[in-house]
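Reviewing the structure listed below.
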Amino acid sequence: MKTVFGIALGAVAVLLALPLRAQPKVALSAVDVRVADIQAVLKTARADAADDLPIRVADAGDYHVGVYVVNRPKVATPPAIYHETRVTEVYYMLEGAGTLVTGGTVTGPVVREAPGTTILSMLNNMRGTAISGGVSRRMNKGDVVVIPGWVPHWWSATDGDMSYLVIRPDPDKILPIK
């Protein structure tokens with residue numbers, strides 16, 4: 001009985017110490033992104049081209065987290081995209097609908113984005129005209145998809161204008177704080 005009690009007491013001590021050990025080296029604060037922030041950034045998007053616009057990029061200690069909004073008008077032909085990075089993208093559909101293909105291989109003329117200051121060039125981006133061998137899924141308003149780094153993705157069809165929130169966990173701190 002003393003052994004079981006000792007093991008239980010030791011386990012409780014370890015569990016209580018974990019939050020203390022998990023504390024960051026510097027004080028961090030929560031970062032708010034309000035619907036008004038999203039709407040204000042969307043208003044700056046072009047009507048005739050796709051825009052991937054930063055709202056906030058926060059320092060989460062060991063990694064950064066970016067909050068972006070993408071405006072993709074029906075008239076903008078979406079390329080197949082492949083990011084050579086560990087940055088994951090989480091899409092949350094705000095408006096519109098379409099078919100998103102992930103995985104597989106980028107096909108067509110593949111062009112490496114020139115290094116620069118846009119989000120896509122920071123992610124070591126490559127573009128093509130399509131994806132072969134990927135998985136297609138229908139995305140509607142309110143749907144969420146998680147696209148890990150190194151996974152090609154492409155909107156093969158869009159029903160009209162779309163906008164979606166993109167959350168980007170960035171373990172390599174590529175995204176600059178905003």
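The values are calculated or read from the model by the stated rules, or taken from the named source; none is laboratory data. Note that the structure is a prediction, hence the values are computed from the model and not measured. Counting neighbours? That spans all protein chains shown, and the Cβs are built from the backbone with ideal geometry, glycine included.
Of all the criteria given as (1) out of contact with any helix residue (DSSP H, G or I) (no Cβ under 8 Å at 6 or more places or on another chain); (2) part of a loop (DSSP other than H, G, I, E, B), the one not satisfied by L175 is (1). Count of the stretch 46-76 residues, restricted to those that are of a type outside the set (V, I, T), in a loop (DSSP other than H, G, I, E, B), out of contact with any Leu (no Cβ under 8 Å at 6 or more places or on another chain) and farther than 14 Å from V87 by Cα, is 8. Taking V67, is it under 14 Å from the mean Cα position of the chain (by Cα) and surrounded by 18 or more Cβ atoms within 10 Å (Cβ to Cβ)? Yes.
Looking at the stretch 162-173, is at least one residue out of contact with any His (no Cβ under 8 Å at 6 or more places or on another chain) and on the phi > 0 side of the Ramachandran plot? No - not one qualifying residue is present in the stretch 162-173.
Residue-wise test of (1) among the polar types (S, T, N, Q); (2) modelled with pLDDT of 95 or more; (3) surrounded by 15 or more Cβ atoms within 10 Å (Cβ to Cβ); (4) assigned to a loop (DSSP other than H, G, I, E, B).
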{"residue": "L94", "(1), (2), (3), (4)": "no, yes, yes, no"}
{"residue": "P109", "(1), (2), (3), (4)": "no, no, no, yes"}
{"residue": "P115", "(1), (2), (3), (4)": "no, no, no, yes"}
{"residue": "R138", "(1), (2), (3), (4)": "no, yes, no, no"}
{"residue": "Y164", "(1), (2), (3), (4)": "no, yes, yes, no"}
